[in-house]
1. If you filter the range 120-158 for trypsin sites (Lys or Arg not before Pro), then keep DSSP loop positions with at most 13 other Cβ within 10 Å, what is left?
2. Which of the listed residues, 90, 122, 30, is farthest toward the dipole's positive end in the chain, when Lys, Arg count +1 and Asp, Glu count -1 at the beta-carbon?
3. Apply the membrane-span-like helix rule to the chain: whole DSSP H runs, Cα extent along the own long axis of at least 27 Å, mean Kyte-Doolittle hydropathy at least -0.5. List the helices found.
4. Length gain on complete extension for the stretch residue 108 to residue 86, per 0.36 nm per residue less the alpha carbon to alpha carbon distance?
5. Once you put a point 7 Å from the Cα of residue 46 and another 7 Å from the Cα of residue 126, both along the Cβ direction, what distance in nm separates them?
6. Using 1/(1 + (r/R0)^6) with R0 = 35 angstrom and r between the beta carbons of residue 37 and residue 139, what's the FRET efficiency to the nearest 0.05?
7. With charges set only on the Cβ (+1 for Lys and Arg, -1 for Asp and Glu), what does the dipole of the chain come to about its Cα centre, in debye to the nearest 20?
8. For the range 30-48 and the range 117-158, what is the separation of their C-alpha centers, rounded to whole Å?
Amino acid sequence: MSNSLLITLAILAVLIIAGLAFYAGKLLFQLKQQNLKVKEHLAQQVEAQIKKDKDLVFSIQTIAKAVCQQQCDVGEAAIRLSVLLSHLSNAMTEDYPKQYPSLHNLNEKIKHLAILEARKKLDKKERMRQDYIRVQAEAEYQELVTDEAERLSDFKLA
């Protein structure tokens with residue numbers, strides 16, 4: 001083989017290697033940018049979850065205090081508090097139904113009863129029947145739910 005052919009092949013090989021190195025560098029840069037965006041997104045999600053949890057804790061404390069001050073029916077509080085507790089970020093690890101059994105038991109007994117517009121659409125007899133069920137359940141759990149509300153009035157996220 002002639003020297004000029006070897007030089008041409010060597011130059012071509014260097015150009016190919018340089019092109020591949022440039023492409024690899026570009027891909028590495030894109031990967032770093034993508035990883036940075038993922039980290040930023042995760043940080044935003046964590047921040048949003050912390051804010052959501054703070055808002056939920058504030059709502060839990062407010063409703064619990066309202067029950068203790070007899071400004072809120074225990075039935076309504078049971079429904080609201082059960083839902084709020086289930087939306088906390090640690091709801092899967094903390095077993096809130098076991099920690100606050102009366103609250104959750106009352107919720108289970110009355111959550112199927114009609115409210116708002118659905119209640120207005122009921123005939124008088126059915127509305128009275130549901131009111132009776134609600135009043136009986138609230139009377140049965142009044143003291144127990146109030147005790148649990150007292151504990152929840154100082155609720156802190158674990």
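1. Sparse-neighbourhood loop trypsin sites (Lys or Arg not before Pro): 121, 156.
2. Value computed over the given set: 30.
3. 3-68
4. Roughly 6.6 nm would be gained on extension.
5. So the two model labels end up 5.1 nm from each other.
6. 0.05
7. About 720 debye.
8. 44 Å
Values in this text are rule-based calculations from the coordinates and carry no lab data. Bear in mind that the values here come from a model prediction, so they are computed numbers and not experimental data. Cβ atoms come from the backbone with ideal geometry, glycine included; neighbour counts cover every protein chain shown.
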